[in-house]
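Step one of this worksheet: look at the structure below.
The values are calculated or read from the model by the stated rules, or taken from the named source; none is laboratory data. Please read all numbers here as calculations on a predicted model, not as lab measurements. Cβ: placed from backbone, ideal geometry, glycine included. Neighbour counts: every protein chain shown. All accessible areas refer to the heavy atoms of the entire protein, side chains included, with ligands and DNA or RNA removed. Shrake-Rupley method; radii C 1.70, N 1.55, O 1.52, S 1.80 Å.
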Amino acid sequence: LWELLKAGHNQAQLNLCTSTAMVKELSSHGIERVDLWQRGVDTEMFQPHLVSAKMRDRLSQGHPDAPLLLYVGRVSPEKEIERIKPILEAIPGARLAIVGDGPHRATLKQHFQDTPTNFVGYLQGMELASAFASADAFVFPSQTETLGLVVLEAMAAG
C-alpha cells in the first residue's frame, strides 16, 4: 500500500499534512515534497463570552433551560451522527441541535424523528461562534475524523 501511496503522492508538487507527526510518517515511507499545513482556529471569533440567550432559544427550539447538546459539521454518513441518539436519550430533558447540512440530512431526520432534535442548517461567522458558546456540550461522534477543527472551535468557545 505504501508503494501505491508513494507512486501517487510523489507526482505532486507538494503534499500537505496537518501535523508534524504525519509529515514524519510520510517522509519515512519515501513520500517526497511533504510540508506542514498549519490550520488553526480564529480565537478572536470563537470565545465563551458570545453566549446568547437568543441563540440558545433558537437552538433548543424554545426550551433554553433544557440541557443542550450541539453537533456542528457536515451531515454525512461518515460523521456517524446517529451515535448521538443514545446519549441524547440518556440525559433527562436534553435537546440536540445539529448545525450544518449534507447528503445524510433526510436519513438523520428520520432517525431522530421522535427526539427533541433541531436541524438548524448552515451557520457561519458570529452566528456559528454564538452557537458554540451557547450550548452546554459539544458532541463529536466520528471515529474516523482526520482534522476535527470543530473540536478546537468548540474548545475555544468554552
Q: Mind checking which lysines have their Cα closer than 23 Å to the Cα of LYS24? Skip sequence neighbours fewer than 8 apart in that chain.
A: LYS6
Q: Taking the dipole about the Cα centre of the range 23-81, with the C-beta of Lys and Arg at +1 and of Asp and Glu at -1, give me whichever of HIS63, LEU26, THR43 is farthest to the positive side.
A: HIS63
Q.
Keeping all protein chains in place and using 1.4 angstrom, which order do LEU26, LEU147 fall into by accessible surface area, from largest down?
A. LEU147, LEU26
Q: Run the numbers on the chain and let me know its relative contact order in percent, using alpha-carbon pairs under 8 Å that are six or more apart.
A: 28 percent
Q: Return the long-range amide H neighbours of SER19 (sequence gap of 5 or more, or a different chain), with a cut-off of under 5 Å between placed amide H atoms.
A: TRP37
Q) Out of these labelled values of Rg and Dmax of the Cα atoms in Å, (1) 16.6, 66; (2) 18.8, 56; (3) 18.3, 59, which was calculated from the coordinates shown here? A) (2)
Q: Could you state the accessible area per residue of the chain in Å², with a 1.4 Å probe and every protein chain left in place?
A: 58 Å²
Q) Among the lysines, which have Cα under 18 Å from the Cα of LYS79 when same-chain residues fewer than 8 positions away are ignored? A) LYS109
Q) So, in Å, what gap is there between the alpha-carbon centers of the range 91-140 and the range 52-72? A) 9 Å
Q) Residue separation times 0.36 nm, minus the C-alpha to C-alpha distance between ARG105 and SER28: what's the value? A) 23.7 nm
Q. How much of the accessible area of the range 48-157, probe 1.4 Å, is carbon plus sulfur, in whole percent?
A. 54 percent
